[in-house]
Amino acid sequence: MAEWTVDVGFKKGAVMNEYELINELNELCNKLTATGKQLAKYGRAKAQTEHDYKIILRQEALRMRSNGEAIGMISMTVYGIPEVAKKRLDRDIAETMYDTCKESINVLKLKIRMLDAQISREWQSAGKSI
């Protein structure tokens, strides 16, 4: 059985035989599935934090307006209210986690394509068909 050097997946640069390549591909597919589920959780958290932020922002702006604050000053000062700032931070963190998870999925898909191509080349060069 032949062995090859692979620069994709979890075992970067490791010498792997054809069965290890397939196992590596399966590991990447499993990780992709788990990451997709994580993306759904981050998506819900992103939407919820956006919702919470918009509500507190509106409430504080209305409170300031009812207290006689000038409209032009409200938009300049409402973001500095600690509760509004905290909700905005939570929203920004949730958005970053969601975007990071999406990028992780793209990286995993790329690794899977690269490993699949490597497996195809190795099997074809060995005279085997997949």
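Between THR33 and SER125, how high is the FRET efficiency from 1/(1 + (r/R0)^6) when r is the Cβ-Cβ distance and R₀ = 25 Å? Nearest 0.05. Could the numbers behind the result be given before it?
Values: r = 30 Å, r/R0 = 1.20.
After rounding to 0.05, the efficiency reads 0.25.
With Rg and the Kirkwood Rh both taken from Cα atoms, where does Rg over Rh land for segment 54-130?
Values: Rg = 25.8 Å, Rh = 16.7 Å.
On the Cα set of segment 54-130, Rg over Rh gives 1.54.
Translational D (Stokes-Einstein, µm²/s) of segment 3-125 at 25 °C and 0.890 mPa s when Rh comes from the Kirkwood sum over C-alpha pairs?
Details: Rh = 17.8 Å.
Using the Kirkwood radius from Cα pairs, D works out to 138 µm²/s.
Find how much the distance from ASP92 to ASN23 grows on full extension, using 0.36 nm per residue of separation minus their present alpha carbon separation; answer in nm with one decimal. Intermediate results must be reported in sequence, preceding the final value.
On the way: separation 69, 0.36 × 69 = 24.84 nm, distance 3.74 nm.
Net length gain for the segment: 21.1 nm.
What is the Cα centroid distance between segment 49-94 and segment 97-130, reported in whole angstrom?
45
Using a Förster distance of 30 Å, how high is the FRET efficiency between GLU103 and THR77, based on the Cβ-Cβ distance and rounded to 0.05? Working shown, then result.
Values: r = 35 Å, r/R0 = 1.17.
About 0.30, to the nearest 0.05.
Coordinate-derived values only; no laboratory data. Being a predicted model, the structure only gives us computed values, none of them experimental. Every residue, glycine as well, gets a Cβ built from its backbone with ideal geometry; the counts of neighbours run over all protein chains shown.
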